[in-house]
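> Got a structure here, written out as C-alpha cells. Questions coming.
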Amino acid sequence: MRTTEYSGWGTAAIHGAGHQHADDAHHAPIYASSTFTFDSAEAGSERFA
C-alpha cells in the first residue's frame, strides 16, 4: 500500500483506503444491471415475453 496526498475530499473518499485489488486493477469493475418493478408477476412476464 502506498501513501498518497489527495487534493479533494471526493478523490480521497474514492481512493483513500489504499487497498490494492488482487488483479492489480486500478478500479473495481462496473457491472451493468437494471431493476424493474411491475404491478404483478404476470405484467413482468408479459413485458419480457
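The values are calculated or read from the model by the stated rules, or taken from the named source; none is laboratory data. Just so we're clear, the structure is a prediction, and the values are computed from it rather than from any experiment. In this analysis, Cβ positions are derived from the backbone assuming ideal geometry, glycine residues included, and neighbour counts consider all displayed protein chains.
> Just checking, how many residues over the range 29-49 are under 28 Å from Ile14 (Cα atoms) and of a type in the set (A, V, I, L, M)?
Selection size over the range 29-49: 2.
> State which residue pairs qualify: first residue at negative phi and without any contact (Cβ under 8 Å) to a residue 12 or more places away in the chain and inside the range 36-49, second residue of a type in the set (A, V, I, L, M, F, W, C) and surrounded by 10 or more Cβ atoms within 10 Å (Cβ to Cβ) in any location, beta carbons under 9 Å apart, and separation of 6 or more residues or different chains.
Gly44/Phe38; Ser45/Phe38; Glu46/Phe38; Arg47/Phe38
> With surrounded by 10 or more Cβ atoms within 10 Å (Cβ to Cβ), at pLDDT 75 or above and of a type in the set (Phe, Trp, Tyr) as the only criterion, which of Phe38, Phe48 stands out?
Testing whether each residue is surrounded by 10 or more Cβ atoms within 10 Å (Cβ to Cβ), at pLDDT 75 or above and of a type in the set (Phe, Trp, Tyr) leaves just Phe38.
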